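A.B. asks: Quick one: the structure is below, questions incoming.
Values in this text are rule-based calculations from the coordinates and carry no lab data. This is a predicted model, so every value here is computed, not measured. Using ideal geometry, Cβ is built from the backbone for each residue, glycine included, and neighbour counts are taken over all protein chains shown.
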Amino acid sequence: MTSQTIFIIFIYIEVFMYEPNEDGPFWQLQEAKAMFSKVVRSAQDKPQIITVHGRENAVVLSMDAYKKLISPKNSLVNFLEQSPWADLDQVLPQRAYDNMRETSL
């Protein structure tokens, strides 16, 4: 084999052969367009990655996976309760009420 042949084989492996990973199988853009319904059906099980020129470019997700992705993990109250400053009495000084002015309404 010449160095040119090895280079061509390397390009073929890099651009055209994709191994499925834990996120899901890869689809070339042309293949994904031709078999879009299969890509969408496969996305129900795991995300489908679409590549353009050998680079990951887009992901097709099921609606459940998308909603889980965009939903907040915690409410604001839970987030603040888990904060290191949740017990503000230890962080903030006590307010002095003896220097307050009297006002008439």
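A.B. asks: With +1 on each Lys and Arg Cβ and -1 on each Asp and Glu Cβ, how big is the dipole of segment 20-84 about its Cα centre, in debye rounded to the nearest 20?
C.D. replies: Rounded to the nearest 20 debye, it is 200 debye.
A.B. asks: Normalise the Cα radius of gyration of segment 20-84 by 2.2 N^0.38 Å (N = residues in it) and let me know the number.
C.D. replies: Working it through for segment 20-84, the quotient is 1.51.
A.B. asks: Hey, another quick one. Only bridges with both residues in segment 20-84 count here: give the DSSP antiparallel percent, nearest 5. Don't skip to the end; give the middle numbers.
C.D. replies: Details: 6 of 9 bridges.
Bridges in segment 20-84 that DSSP calls antiparallel: roughly 65 percent.
A.B. asks: Now, a different point. Going 7 Å from the Cα of Lys33 toward and past its Cβ, which residues in segment 49-69 have a backbone nitrogen under 20 Å from where you end up?
C.D. replies: Answer for this model: 49-61.
A.B. asks: Shifting gears a bit: So, in nm, how far is label Arg101 from label Asp45 when the simple model puts each one 7 Å beyond its Cα toward the Cβ?
C.D. replies: Label at Arg101, label at Asp45, 7.4 nm between them.
A.B. asks: Show me 50-57, 73-80 ranked by packing, highest mean number of other Cβ atoms within 10 Å first.
C.D. replies: Descending packing order for the listed peptides: 50-57, 73-80.
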